[in-house]
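Below is one structure, written out as structure tokens, with a few remarks after it.
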Amino acid sequence: MRIYLTHCSKEKSLEAKESGAELPPDLLYTDAGIQQFMERCKAAEVRWAILSDNYGVFLPEERRAYYEKAPASVTPEEEKVIIKSFDNKLSKYDEIWFYIRPQTFHLFYQRVLSNSRLASRVQRFEDLEQIEHQK
């Protein structure tokens with residue numbers, strides 16, 4: 001089984017910020033690059049998630065509140081919790097394909113991918129065309 005992930009974005013729903021409403025990731029994150037990733041995954045009918053520097057692995061069926069947190073502000077203790085979330089939520093997947101958006105890829109995400117006990121299952125890619133329906 002394969003899942004596709006990408007990292008979160010600074011740009012989020014202003015409505016969620018003002019209302020405090022909890023939203024799924026496809027409504028919370030508004031950055032064009034992350035939106036393209038989510039749309040491509042939906043079109044290909046594949047399992048996907050977002051790696052949040054605040055929530056860890058954020059699945060499409062989950063709802064979360066607006067937050068402001070830069071990846072550079074993640075403490076070592078928070079990073080351990082996020083890595084544990086990554087490991088727990090993704091342990092059932094044989095393949096974890098991580099879409100890197102180079103202009104916003106922070107070393108924090110690199111550390112999560114490298115320090116996860118699932119690191120050997122992670123394949124990094126930068127071309128949305130590689131997201132394809134699994135037979």
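The values are calculated or read from the model by the stated rules, or taken from the named source; none is laboratory data. All figures in this text were calculated on a predicted structure; none of them were measured in a lab. Cβ atoms come from the backbone with ideal geometry, glycine included; neighbour counts cover every protein chain shown. Calculation scope for accessible area: heavy atoms of the full protein, side chains included, ligands and nucleic acids excluded. Shrake-Rupley method; radii C 1.70, N 1.55, O 1.52, S 1.80 Å.
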Query raised in the report: For the chain, what is the charge dipole size about the Cα centre, in debye to the nearest 20, if Lys and Arg each add +1 at the Cβ and Asp and Glu each add -1 at the Cβ?
Result: 420
Requested in this report: Specify whether the C-alpha gyration tensor of the range 9-59 places it in the rounded, prolate or oblate class, a ≥ b ≥ c being the square roots of the eigenvalues: rounded for a/c under 1.5, otherwise prolate if a/b is larger than b/c and oblate if not.
Outcome: prolate
Query raised in the report: With each label point set 7 Å from Cα along the Cα-Cβ vector, what nm distance links SER120 and ALA72?
Result: 3.6
Report summary line: Expressed in angstrom and rounded, the centroid-to-centroid distance over alpha carbons for the range 13-44 and the range 68-110 is 18
Requested in this report: Let me know the Rg and Dmax you get for the range 71-129 when you use only its Cα atoms, in Å.
Outcome: 11.7, 36
Query raised in the report: Counting other Cβ atoms within 10 Å of each Cβ, which trypsin sites (Lys or Arg not before Pro) in the range 1-38 have at most 15 and sit in a DSSP loop?
Result: LYS10
Requested in this report: Output the antiparallel fraction of DSSP beta bridges having both residues in the chain, as a percent to the nearest 5.
Outcome: 30
Requested in this report: Express the accessible area of the range 1-68 per residue in Å², computed with a 1.4 Å probe while the remaining protein chains stay in the model.
Outcome: 47
Query raised in the report: Hey, which lysines would be in cross-link range of LYS69, C-alpha to C-alpha under 30 Å, not counting anything within fewer than 8 residues on its own chain?
Result: LYS10, LYS12, LYS17, LYS42, LYS80, LYS84, LYS89, LYS92
Report summary line: Net charge (Lys, Arg +1; Asp, Glu -1) of residues whose beta-carbon lies under 13 Å from that of LEU59, LEU59 excluded, is +2
Query raised in the report: In nanometres, what is the gap between the two model label sites at ARG63 and GLN103, each 7 Å from Cα along Cα-to-Cβ?
Result: 3.2
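For the chain, what does the helix formula give at 222 nm: sum of -39500 (n - 2.57) over DSSP H segments with n ≥ 4, over the residue count, nearest 500 deg cm²/dmol?
Result for the chain, helices only: -10000 deg cm²/dmol.
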**Report entry** At most 14 other Cβ within 10 Å, DSSP loop - GluC sites (Glu not before Pro), the range 84-131
**Finding:** GLU126
Query raised in the report: Per the 1.4 Å probe, what fraction of the accessible area of the range 1-61, in percent, lies on carbon and sulfur atoms?
Result: 49
Query raised in the report: Say the dipole of the chain comes from +1 at the beta carbon of Lys and Arg and -1 at that of Asp and Glu; which of PHE98, PRO60, ILE34 then lies farthest toward its positive end?
Result: PHE98
Query raised in the report: Which semi-axis lengths, in whole Å and largest first, follow from the square roots of five times the eigenvalues of the Cα gyration tensor of the chain?
Result: 21, 19, 13
Query raised in the report: Leaving out ligands, DNA and RNA but keeping every protein chain, what accessible area does VAL81 have, in Å² rounded to the nearest 10, with a 1.4 Å probe?
Result: 100
